[in-house]
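Here is the structure we will look at.
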Amino acid sequence: MIDTPLGPMLAGATDDGICLLEFTDRRALPTELDTLRRRLGRPTVAGSHPHLDHLRTELAEYFAGTRRAFDLPLITLGSAFQERTWSELRRLASGTTVSYEELAERVGRPRAQRAVGTANGANRIAVVIPCHRVVRKTGETGNYGGGRWRKEWLLTHEARAATPA
């Protein structure tokens, strides 16, 4: 468990990297945990790990406004399309947003806005893979698995941190 300004988050790691970072009140969390157990072929156990310590440090820096990008090893375990989508999300600079339509174009699937939206929603590593940076073409924030209020908070936080003092 990692406490954040947006509430507690559950984190998971293997020796290969971070595989989970999710808000504890997210309805999809039990499904995400089951999917991870199946795909990793390992049980979920409480404990500590150097990757989790590194994650705690980087998250604290991010929420303090001193870190704009994460450099943690990640285990994403998705389809080829999901992996491309999540990889593209990691290229988005903090303080910026992209529309679902533009993200679909960037991953080579023009007109696949719904598919990138689904891939976005399947992200199990919130904040670090910044699915909150995807907005509607109109500029409206749209939905977010962790709650729209968290998405708005994250976007405001990043915009403030990106603005020179």
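The values are calculated or read from the model by the stated rules, or taken from the named source; none is laboratory data. Quick caveat, the model's predicted, so the values are computed rather than measured. Note that each Cβ is placed from the backbone with ideal geometry, even for glycine, and that neighbours are counted across all protein chains shown.
Would you check if Ala13 is modelled with pLDDT of 90 or more and either in contact with a Ser or Thr (Cβ under 6 Å, 6 or more places away or on another chain) or among the hydrophobic types (A, V, I, L, M, F, W, C) (or both)?
Against the criterion (modelled with pLDDT of 90 or more and either in contact with a Ser or Thr (Cβ under 6 Å, 6 or more places away or on another chain) or among the hydrophobic types (A, V, I, L, M, F, W, C) (or both)), Ala13 qualifies.
Please work out if Glu101 is in a helix (DSSP H, G or I), of a type in the set (D, E, K, R), under 14 Å from the mean Cα position of the chain (by Cα) and surrounded by fewer than 17 Cβ atoms within 10 Å (Cβ to Cβ).
no
Go through the stretch 117-145 residue by residue and tally those that are surrounded by 21 or more Cβ atoms within 10 Å (Cβ to Cβ) and part of a loop (DSSP other than H, G, I, E, B).
9
Just to be sure I understand, how many residues within the stretch 61-98 are assigned to a loop (DSSP other than H, G, I, E, B) and charged (D, E, K, R)?
3
Out of the stretch 118-133, which residues are free of Cβ contacts under 8 Å to residues at least 12 places away in the same chain and within 8 Å of the chain's Cα centre (by Cα)?
none
Pick out the one residue from Thr35, Thr44 that is of a type in the set (Ser, Thr, Tyr), outside any loop (DSSP other than H, G, I, E, B) and surrounded by 12 or more Cβ atoms within 10 Å (Cβ to Cβ).
Every option except Thr35 fails the conditions.
For the stretch 14-32, what are the residues that are more than 14 Å from Ile75 (Cβ to Cβ) and surrounded by fewer than 16 Cβ atoms within 10 Å (Cβ to Cβ)?
Thr24, Asp25, Arg27, Ala28, Pro30, Thr31
Could you tell me whether Asp71 is within 23 Å of Ala161 (Cα to Cα), loosely packed, with under 12 Cβ neighbours inside 10 Å and outside the structural domain of Pro110 (by TED's automatic domain parsing)?
Working: within 23 Å of Ala161 (Cα to Cα): yes; loosely packed, with under 12 Cβ neighbours inside 10 Å: yes; outside the structural domain of Pro110 (by TED's automatic domain parsing): yes.
Yes; evaluated as a whole, the condition is true for this residue.
Can you confirm whether the stretch 57-68 contains a residue that is touching a Ser or Thr at 6+ places or on another chain (Cβ under 7 Å) and modelled with pLDDT of 95 or more? Steps first, please.
First, pick out the residues of the stretch 57-68 that are touching a Ser or Thr at 6+ places or on another chain (Cβ under 7 Å): 59, 63, 68.
With the extra rule that they be modelled with pLDDT of 95 or more, the set shrinks to 59, 63.
Looking for residues that are touching a Ser or Thr at 6+ places or on another chain (Cβ under 7 Å) and modelled with pLDDT of 95 or more, one finds at least one in the stretch 57-68, hence yes.
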